[in-house]
Amino acid sequence: MAKTFDKNDDSVVVIVGSGAGGGTLGNELAQKGVNVVCLEAGKRFTLDDIENDWNTMFGRLSWLDARKGTGDLLAGLPLWVCKTVGGTTVHWAGASLRFKEHEFKAKSAYGNIADANLLDWPLDLHEMERFYSMAEDKMGTTGTHGIPRLPGNNNFQVMEYGANALGYKECHTGNMSINSEPRDGRPGCHQIGFCMAGCAIGAKWSILYTEIPKAEATGHFELRPESMVLKINHGKDGKATGVVYVDADGNTQEQKARVVAIAGNAVETPRLLLNSESSMFPDGMANSSGQVGKNFMRHTTATVYATMPGAVYWDRGTQMAGIIMDEVHNNPNRGFVGGYYMQTLPGFGLAWYSGNVGGMSKDSPGKWGRNYTREVVENYRNMAGMWLVGEDMPQEKNGVTLHESEKDQHGLAVPIVNFEDHANDVAMRNHAFIAGSNVYQAGGSKKQYQLGPFPSTHNMGTCRMSKNARDGVCNSTGATHDVPNVFISDGSQFTTGAACNPTLTIVSLAIRQAENMANMLSQNTI
Amino acid sequence: MTKKVSRRTFIQGSATAGVVVAGSSSVILNTKESWALSTETLSADTAQSLLVMARHLYPHDFLGDQYYAEIVSGLDEQAKNDSAIAEKLENGVKDLSKVIEGDRTYHLAFKDQSSGLQLENLNRIDGDDFFETVRGATLNGLYGNPRVAAMFGFEGSSVEHGGYINRGFDDIGWLPK
C-alpha cells in the first residue's frame with residue numbers, strides 16, 4: 001500500500017525526521033490527501049526488535065553520531081534521543097501534559113529576567129486547546145476523553161503517600177499516552193516496566209506503530225529510513241526546491257519538494273539549516289535573525305532516589321505513571337520564576353543505577369567500596385525514585401554550533417551543543433530537590449540521593465517561534481520567516497519550554513501545522 | 001593437547017584455589033566453588049589481581065568469586081582484541097603492586113598484599129584511566145549480569161512473563177494506610 005514517489009516529483013512535501021513532530025505531520029497531511037516523502041536517518045524496527053534490556057535498547061535506539069557537549073552537558077553524550085523510525089517517541093515515557101496559560105506568555109508573566117532571552121509565544125492556550133484535545137484523542141492520553149488513568153505501581157504509592165502527608169492536592173498517575181485499556185488496535189498496559197527501552201507490546205503510543213502505518217495506508221506517504229538529509233537546496237527566488245540526502249545504500253540523492261518541513265530534534269534541525277548555507281544565506285538558511293541554533297532549552301531536571309524502609313521494586317510497572325502537580329504554578333516568592341513537576345521514575349536497572357548514584361549524587365558514600373555497596377547497591381529493592389522537570393530559561397549562549405574541523409561519517413561538521421544553567425534554573429532545581437526529598441522523608445526514608453541532570457531528553461527552542469522576524473526563526477504556523485516553504489515541525493520551534501514534558505505540545509503543533517499547511521497548499525500560497 | 005605447565009601457584013586470602021599457567025595464558029581454578037577462569041591474553045598475576053580489585057570495588061559477601069571472575073574474563077576478551085587495553089591492564093596491576101611507605105617504595109604483587117594495603121593502593125589510583133576501566137567493567141559485568149542483578153531485586157526482562165500486571169506491580173504492603 002505504501003506509495004513511492006519519484007525523486008523529481010516537486011509537488012511533494014518532504015519531512016525530515018519521523019518523530020513526534022515529523023511523524024504526526026506526515027500522517028495528518030497524508031490523511032488530507034497531501035503527498036509526503038518522509039526521510040528518516042534511523043532504521044525501521046518492529047515490536048519484535050524491542051527487548052526488556054537497557055543496554056541493548058540504548059545501543060539500538062539512541063542517536064550516537066558524533067556530538068560534542070560543552071558547558072554543563074556530558075561531553076560524549078549531551079542528549080539522550082533516538083535515531084530510529086518514530087524518533088524519540090520510541091523511548092519516551094509517555095507523560096502528556098498541556099502547557100499552562102502563563103507558560104505561553106513567559107516574557108509577560110515573568111518580566112525581565114537578567115541574561116534570559118524570554119519571549120511570549122505568538123499563540124496562546126486558547127488557540128491550542130482544540131489541537132491539544134485532538135492530540136490527546138490520537139494518543140489515547142489517560143485522564144482525557146473519558147480514558148481512565150493507569151493504576152498506580154509501588155513507586156507511585158510511595159510518592160502518593162508522601163504527597164498526601166505533605167498536603168499536596170494534585171497527585172495521581174498522570175496524563176499518560178499509554179493505554180490503560182485496549183484502544184486504537186493496541187493493548188492495555190501490562191505493567192512491564194522498561195517503557196523507556198521501548199514498549200514491547202505497543203501499549204504506549206509511539207509514531208513507529210501508529211502514525212507511520214496509518215499514513216502508509218493512505219497511499220499518500222512514503223517513508224525512507226536510513227536516509228540522512230545533508231542540505232536543503234533553494235532556487236534564485238529564495239524558496240526551497242528540495243533536499244540532498246544519503247540513502248540506505250550510501251548513495252547521495254536529491255528529492256525535489258514543494259515544501260520542506262524539518263523535524264530532526266533540537267540539534268539536527270538547526271544543524272541542517274546551518275549546513276544549508278549558500279551565497280544567498282551565508283549564515284545558514286532562515287537565519288536572518290541570527291537565532292538559528294540559539295536558545296537551546298532542555299528543562300531544569302534532576303532526580304531524587306530514596307532508600308525506603310521496605311521493598312518497592314520500582315522497576316515493576318509503568319515508569320512515569322505518577323505525578324505531583326502542585327509546584328507548577330509561578331510563584332516568584334520561592335526564589336525563581338516558572339514551576340516544576342515531580343514524576344515517578346525508577347533507576348534503569350541495577351547497573352545504571354549503581355554507576356549513576358556514585359557518579360551523579362553528592363550525597364553518595366563515594367562511588368565504590370564497602371560503604372557504597374552496603375548503602376547504595378544492596379538497598380536496590382527498597383529504592384523509590386522521582387524525576388523533577390521544570391521550565392528553564394532560554395539563553396542565547398546555549399545552543400548548537402558547527403565544529404570548525406571535525407566531520408561526521410557523512411562529511412558534515414560535528415555539532416557542538418552548549419548548555420549552562422541560568423541562576424533561575426539552579427534555584428528551581430534546589431527547591432525541587434528539597435521538595436522531592438521531603439516527599440520520601442514523609443514516607444519514612446532516612447536517606448535520599450539528589451542527582452543532577454541526565455543527558456537531555458527534552459530538547460527545545462533552537463529555531464523558535466516569534467511574532468517578529470527579528471526575534472526568532474519561524475512564525476506561529478512553524479513556517480520560517482525567511483523561507484516561506486521551509487517549516488520547523490518539532491520542539492525546536494518552542495519559544496519557551498514550559499514545565500511539562502514537550503511531546504504533547506509537539507504533536508499538537510504538528511496537527512495544527514498540517515491543517516495550516518494543507519490550506520496553504522490548496523490555496524497555492526506556498 | 002598437552003601444554004607444558006611452567007609454574008603453579010596457590011594464593012592465599014582468596015577463595016581462588018589454584019592457578020595453572022601455560023605459556024601466555026592461564027587458568028584459575030576454584031575447586032571449592034567448582035569454577036574455572038581461563039585467560040588467553042592477561043597473565044595469571046594480572047588476572048588474579050583484577051579479580052581481587054573487582055571485589056574490592058564492589059564487594060558483596062554473599063557473592064562468590066565466580067561472578068567477579070566473569071568480569072576478568074570479559075576484560076581478557078577486550079585485551080585480546082585491543083593491545084592498548086592489554087597494556088593498560090598489565091601496567092595498572094604493576095602500579096598497584098608498588099607499595100609506597102614514606103620515601104620507600106617496594107614491590108609486592110597486588111594479589112599478595114594485605115586487604116588494607118590493597119585498599120590504600122586502590123585509593124591512591126582512584127579515578128585514573130586504568131581504575132575507571134576496571135570500575136566500569138565491574139559495574140557492567142557484575143550488576144549487568146542478570147543472575148547477580150536478580151539477587152538485588154532487579155528482576156530483568158518481564159515481557160515474556162506478561163509484565164507485572166498480575167505479578168506484584170502494586171503489592172507494596174508496608175506503607176501505613
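The values are calculated or read from the model by the stated rules, or taken from the named source; none is laboratory data. Quick caveat, the model's predicted, so the values are computed rather than measured. Virtual Cβ from ideal backbone geometry, glycine too; neighbours counted across all protein chains shown. Just the protein is used for accessible areas: all its heavy atoms, side chains included, with ligands, DNA and RNA removed. Shrake-Rupley method; radii C 1.70, N 1.55, O 1.52, S 1.80 Å.
Residue A:135 meets the stated requirement of being in contact (Cβ under 8 Å) with a residue 40 or more places away in the chain, under 30 Å from residue A:58 (Cβ atoms) and either open to solvent by 30 Å² or more (accessible area, probe 1.4 Å) or not in a loop (DSSP other than H, G, I, E, B) (or both). None of A:313, A:372 is within 24 Å of residue A:150 (Cα to Cα) and among the aromatic types (Phe, Trp, Tyr) except A:313.
Put simply, of A:214, A:204 the only residue that is within 14 Å of chain B (Cβ to nearest Cβ), among the basic types (Lys, Arg) and in contact (Cβ under 8 Å) with a residue 60 or more places away in the chain is A:204. Here the condition is being surrounded by 14 or more Cβ atoms within 10 Å (Cβ to Cβ), at pLDDT below 95 and more than 10 Å from chain A (Cβ to nearest Cβ); of B:65, B:103, B:76, it holds for B:65 alone.
What residue, of A:64, A:74, A:97, is open to solvent by less than 30 Å² (accessible area, probe 1.4 Å) and either within 30 Å of residue B:149 (Cα to Cα) or in a loop (DSSP other than H, G, I, E, B) (or both)?
Residue meeting the stated conditions: A:97.
Could you tell me whether any residue of the stretch B:86-97 is among the β-branched types (Val, Ile, Thr) and either within 12 Å of chain A (Cβ to nearest Cβ) or farther than 15 Å from residue B:55 by Cβ (or both)? No, the stretch B:86-97 has no match at all. The number of residues in the stretch A:228-278 that are of a type in the set (Gly, Ala, Ser), within 24 Å of residue A:44 (Cβ to Cβ) and more than 21 Å from the chain's Cα centre (by Cα) comes to 4. Go through the stretch B:119-177 and give me each residue that's of a type in the set (S, T, N, Q), more than 8 Å from chain A (Cβ to nearest Cβ) and surrounded by fewer than 21 Cβ atoms within 10 Å (Cβ to Cβ). The answer is B:123, B:133, B:145, B:166.
Would you confirm, using the coordinates I've provided, whether residue A:110 is crowded, with 18+ Cβ neighbours inside 10 Å and in contact with a Lys or Arg (Cβ under 7 Å, 6 or more places away or on another chain)?
No; evaluated as a whole, the condition is false for this residue.
Scanning the stretch A:455-478 for residues that are open to solvent by 10 Å² or more (accessible area, probe 1.4 Å) and outside any loop (DSSP other than H, G, I, E, B) yields no hits at all. Residue check: residue A:309 meets all listed conditions (1) open to solvent by less than 10 Å² (accessible area, probe 1.4 Å); (2) closer than 30 Å to residue A:168 by Cα; (3) within 14 Å of chain B (Cβ to nearest Cβ) but one, namely (1).
Could you tell me whether the stretch A:118-125 includes any residue that is more than 22 Å from residue A:463 (Cα to Cα) and either of a type outside the set (Ser, Thr, Tyr) or assigned to a loop (DSSP other than H, G, I, E, B) (or both)?
No: zero hits.
Count of the stretch A:172-195 residues, restricted to those that are more than 14 Å from every other protein chain (Cβ to nearest Cβ) and touching a residue at least 60 places away in the same chain (Cβ under 8 Å), is 5.
In the stretch A:369-398, of all residues being outside any helix (DSSP H, G or I), within 14 Å of another protein chain (Cβ to nearest Cβ) and in contact with a strand residue (DSSP E or B) (Cβ under 6 Å, 6 or more places away or on another chain), the one that is surrounded by the most Cβ atoms within 10 Å (Cβ to Cβ) corresponds to A:384.
Examine the stretch B:138-159 for a residue that is without any contact (Cβ under 8 Å) to a residue 12 or more places away in the chain, of a type in the set (Asp, Glu) and either in a loop (DSSP other than H, G, I, E, B) or in contact with a strand residue (DSSP E or B) (Cβ under 9 Å, 6 or more places away or on another chain) (or both), and state whether such a residue exists. So far as the stretch B:138-159 goes, yes, one or more of its residues are without any contact (Cβ under 8 Å) to a residue 12 or more places away in the chain, of a type in the set (Asp, Glu) and either in a loop (DSSP other than H, G, I, E, B) or in contact with a strand residue (DSSP E or B) (Cβ under 9 Å, 6 or more places away or on another chain) (or both).
Condition first: more than 29 Å from residue A:437 (Cα to Cα), in a loop (DSSP other than H, G, I, E, B), open to solvent by less than 40 Å² (accessible area, probe 1.4 Å) and modelled with pLDDT of 95 or more. Can you find one or more residues in the stretch A:158-178 that meet it?
no
Only residues that are at positive phi and within 25 Å of the chain's Cα centre (by Cα) were counted across the stretch A:361-398, and they come to 0.
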